[in-house]
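Asker: Could you have a look at this structure, given as structure tokens, before my questions?
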Amino acid sequence: FTIVQAIFVLVVLGMLGAYMVTMSTVQQATSTQALMQARAYQAARAGLEWGIYQIVENDVDSENETFDVGNFRVTVTWVSGTPYEEAGQPTRYIYNITATASHASLGSPDYTSRTLEVTIHD
């Protein structure tokens, strides 16, 4: 009877150890993914800032630009909208800017992507 109890205890302890290893792996993967999502957000935000700079300082009406920020590929797209006048002010234009930052390819376990949009006027 003692051998049966010892084997039962070993099996239970082995299963508990396997569960702990699995939980540790999942926790580490979750932390890594959260970090990558924060980095993707910041890369997309940098793309928005770059697009705003291009519109305000360089007066570029529309463009589609792709560049790298760290390990992220950032695509910035903007198009000027229709002009409008307000209370006798000079004609203004509305711009819609979209920045998408992505890491790895779609379907990869490391895939992370963030898209941010902003609307500004000159």
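Asker: Percent of accessible area on the chain owned by carbon and sulfur, 1.4 Å probe?
Answerer: In the chain, the share of accessible area belonging to carbon and sulfur is 58 percent.
Asker: Now for a separate question. With every protein chain present, what is the per residue accessible area of the stretch 43-111 (1.4 Å probe, Å²)?
Answerer: Here the per-residue accessible area is 62 Å².
Asker: Moving on. At ASN96 and LEU10, where each label point lies 7 Å from the Cα along Cα→Cβ, what is the point-to-point distance in nanometres?
Answerer: The modelled label-to-label distance comes out at 6.7 nm.
Asker: Also, I was wondering about something else. Please identify every one of the GluC sites (Glu not before Pro) in the stretch 1-97 that sits in a loop by DSSP and has no more than 14 other beta carbons within 10 Å of its own beta carbon. Please list the in-between numbers first.
Answerer: Values: sites: GLU49, GLU57, GLU63, GLU65, GLU85, GLU86; in loops: GLU85, GLU86.
For GluC sites (Glu not before Pro) across the stretch 1-97 that sit outside H, G, I, E and B with at most 14 neighbouring Cβ atoms in 10 Å, the list reads GLU85, GLU86.
Asker: Which whole-number percentage describes the relative contact order of the chain, with Cα contacts under 8 Å and a sequence gap of 6 or more?
Answerer: 23
The values are calculated or read from the model by the stated rules, or taken from the named source; none is laboratory data. Given the structure is predicted, the values throughout are model-derived calculations rather than measurements. Neighbour counts are summed over all protein chains in view; Cβ atoms, including those assigned to glycine, are modelled from backbone coordinates with ideal geometry. Side chains are part of the model used for accessible areas, which takes the heavy atoms of the whole protein and leaves out ligands, DNA and RNA. Shrake-Rupley method; radii C 1.70, N 1.55, O 1.52, S 1.80 Å.
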